[in-house]
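Enquirer: This structure is in structure tokens; I'll ask about it shortly.
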Amino acid sequence: MGGAAVALDYDAELMLRVKEGDGASFAVLLEKHRSSVIHFVYRMVQNQAVAEELAQEVFLRVYRSRSTYEPTAKFTTWLFRIATHLALNSLRDGKNQRYEDRLDEQTEDQPARQLADRRPSVEQSMVLEARLDEVRRAVASLPAKQRAAVLMHKYEELEYSQIARVLNCSESAVKSLLFRAYETLRARLAYMA
Amino acid sequence: MNCPLETRENAALLVSHAARELAPDMAVRLDRHVAQCAACSQFIERQQAVWEALDRWRPEPISPDFNRRLYARIEELDRQASWWHRLTSPLRPMPARHAMPIAATAMLLLAAGVLMDRSRVPAARPVQAQVEMLQPEQVEHALDDMETIRQFDRAMRSDSPDPKM
Ligand SMILES: [Zn+2]
């Protein structure tokens, strides 16, 4: 992940320019990290509208903190610490509908859509949709901290040391969290091979 | 090499191996073992199946007006900050380049005053000067950040204890 380290240094440099009042550098940081923050938060809370609202708050906090920013950690570690904090708070406050309820609604909605869609690939689409639904449910079933660790590891490719700083624990605790999380996921998803 | 599945710590190596995170020499050693260990081979196969299943979960498209909404909020934030700045600017300390000669002059006058009348109380107090050095938004940010960190750490602590984390 050497390439990522170089990129992160560049991010910190950009943030220092933002600190000096350079709005263009903020725009660069936003473009670079917007998708990963939104996607991470979306997979945490499994509601796109809530995810975008929380991601807006993440970048607002980045902007608001510019005057006190010090590059003591990698920029993405800081960014994901803010994002994780907000996602966990949102889950705790129950601002978004519970995953299981929402996923049940999605599943109930499906027959109507499937009746309307009579293309030849409908059976295949149903299987794919069912599998995707199972993936979302399996991730939603993980305790919040394990979920955050898996999402940062699998999709955002954060290093163990970064995940540890985001979750405020040791690297060995992160490895243990991931091992338990993947153990659960193997039990639920390995049949898909 | 011993079977990694003998301990949880080493079994985590198999997870890293399936994610292709291991250094090449370690990956080669592990591959050699996996090739002759049915349990490890099955573990890797199942872990890769999970990896592929997770790959199927594509993110939702982002609203086209995401940036516009964010910049509108930033603009509002800046507007409020500049309003706050104007409101409190008479209370703010002067820039250092202006303040230094004035402070030096004040010190000279003060020293002269003390020499002339030792019974008088000095006009400037260092504690007050320190308080004035804090900008209002610095205090606001610091309190906000402290609250954020406090909430985050509380969230981490109150999360399920170790076996269920
Ligand atoms: Zn083995």
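Enquirer: Counting Lys and Arg as +1 and Asp and Glu as -1, what is the net charge of the other residues whose Cβ lies under 12 Å from the Cβ of A:THR76?
Expert: Combined, the nearby Lys, Arg, Asp and Glu give -1.
Enquirer: For B:ASP78 and B:ALA23, what is the calculated FRET efficiency with R₀ set at 45 Å and r taken between the beta-carbons, to the nearest 0.05?
Expert: Step by step, r from the Cβ atoms, then E = 0.40.
Enquirer: Here is a further query. What are the residues of the stretch A:55-73 that lose 40 Å² or more of accessible area, with a 1.4 Å probe, going from their chain alone to all protein chains?
Expert: A:GLN56, A:LEU60, A:TYR63, A:ARG64, A:THR68
Enquirer: Per residue, how many Å² of accessible area does the stretch A:7-101 show with a 1.4 Å probe?
Expert: Using a 1.4 Å probe on heavy atoms only, each residue of the stretch A:7-101 averages 39 Å².
Enquirer: Using every alpha carbon pair in the stretch A:7-101, what percent of pairs falls into each 5 Å bin from 0 up to the bin containing the largest distance?
Expert: Going out from 0 Å in 5 Å bins, the stretch A:7-101 shows 3, 14, 26, 22, 15, 10, 6, 3, 1, 0 percent.
Enquirer: Taking both sides together, what accessible area is buried at the A/B interface, probe 1.4 Å, expressed in Å² and rounded to the nearest 100?
Expert: 5400 Å²
Enquirer: Suppose all protein chains stay in the model; what accessible area per residue would a 1.4 Å probe give for the stretch A:124-193, in Å²?
Expert: On a per-residue basis, 37 Å².
Enquirer: Okay, next question. Full extension from A:LYS32 to A:PHE179: what is 0.36 nm times the residue separation minus their Cα-Cα distance, to one decimal in nm?
Expert: Here the segment from A:LYS32 to A:PHE179 would lengthen by 49.9 nm.
Enquirer: Let me ask another. Based on alpha-carbon positions alone, could you give the equivalent ellipsoid semi-axes of the stretch B:4-56 from the gyration tensor, as √(5λ), descending, whole Å?
Expert: Whole-Å semi-axes of the equivalent ellipsoid: 17, 13, 11.
Enquirer: Need one value: the accessible area of B:ASP25 in square angstrom, 1.4 angstrom probe, rounded to the nearest 10.
Expert: 110 Å²
Enquirer: Output the Kirkwood hydrodynamic radius of the stretch A:118-193, Cα pairs only, in Å rounded to one decimal.
Expert: By the Kirkwood definition, the hydrodynamic radius is 13.7 Å.
Enquirer: While we're here: Is any residue of the stretch B:1-31 close enough, with backbone N under 16 Å, to a label point placed 7 angstrom from the Cα of B:ALA39 along the Cα-Cβ axis, and if so, which?
Expert: Only B:1-15 pass the distance filter.
Enquirer: How charged is the neighbourhood of B:GLU45? Take every other residue with its Cβ under 12 Å from the Cβ of B:GLU45, and add Lys/Arg as +1 and Asp/Glu as -1.
Expert: Taking every Cβ under 12 Å from that of B:GLU45, the sum is +1.
Enquirer: Using 0.36 nm per residue, how much length does the chain from A:ARG92 to A:SER121 gain when fully extended, once their Cα-Cα distance is taken away?
Expert: Full-extension gain reported as 6.4 nm.
The values are calculated or read from the model by the stated rules, or taken from the named source; none is laboratory data. The shown structure was predicted, so the numbers you read here are calculated from the model rather than taken from an experiment. Don't worry about glycine lacking a Cβ; one is built from the backbone with ideal geometry, like all the others, and counts go over all protein chains shown. In case anyone asks, the SASA skips ligands and DNA or RNA and just uses the protein heavy atoms, side chains included. Shrake-Rupley method; radii C 1.70, N 1.55, O 1.52, S 1.80 Å.
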